[in-house]
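I have placed the structure first, in the form of structure tokens, so that the comments after it can refer back to it.
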Amino acid sequence: QVQLVESGGGLVQAGGSLRLSCAASGSILSIYVMGWYRQAPGKQRELVARIITGDSTNYADSVKGRFTISRDNAKNTVSLQMNSLKPEDTAVYYCNAGMLISGSSYRRDYWGQGTQVTVSS
């Protein structure tokens, strides 16, 4: 069984910082991409940041310059350092990984359970 376990959400004042972490475990053969998505109430889930094999990164325009994604390939972890947080960053943040697991012949997406980030004004 494959799991993505997130940690690090919480409540912070505007201008503050939080760090999210996600660890993938199980019978993982390879991880192509790891990233973070978020979903605010009444809105669609959106990409926040992702890092692809080879360390290529993508960021949502709304977080560029404030958030930094990093990945530890040896530990199958991905982190998101969030600085200068704004109330509009409030959402449930989901870890995502595109992985090939033992017994499967193709990559697919896996999701964490989500962690709440609340930024107060």
Kirkwood-type radius of segment 22-83, with distances r between different C-alpha atoms, in Å: 12.5
Mean projected area in nm² (Cα convex hull; one quarter of hull surface) for segment 1-57: 5.6
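Could you put 46, 6 in order of accessible surface area, largest first, with the 1.4 Å probe and the full protein assembly present? If you can, show how the numbers build up before the last one.
Details: 46 80, 6 15 Å².
Order by accessible area, largest first: 46, 6.
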Residue-by-residue Karplus 3J(HN,Hα) for segment 10-16, coefficients 6.51, -1.76, 1.60, Hz, glycine and proline x: x, 10, 9, 7, 4, x, x
Charge dipole magnitude, Cβ of K and R +1, D and E -1 - the chain, Cα centre, debye nearest 20: 60
Distant-in-sequence amide H partners of residue 66 (H built 1.01 Å from N, under 5 Å): none
Gaussian network model of the chain, Cα within-10 Å springs - most flexible of 35, 16, 54: 54
Accessible surface of residue 30 - all protein chains present, 1.4 Å probe, nearest 10 Å²: 50
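The values are calculated or read from the model by the stated rules, or taken from the named source; none is laboratory data. Note that the structure is predicted; figures quoted are calculated from it, not measured. Every residue, glycine as well, gets a Cβ built from its backbone with ideal geometry; the counts of neighbours run over all protein chains shown. Keep in mind that these areas ignore ligands, DNA and RNA; they rest on the heavy atoms of the full protein, side chains included. Shrake-Rupley method; radii C 1.70, N 1.55, O 1.52, S 1.80 Å.
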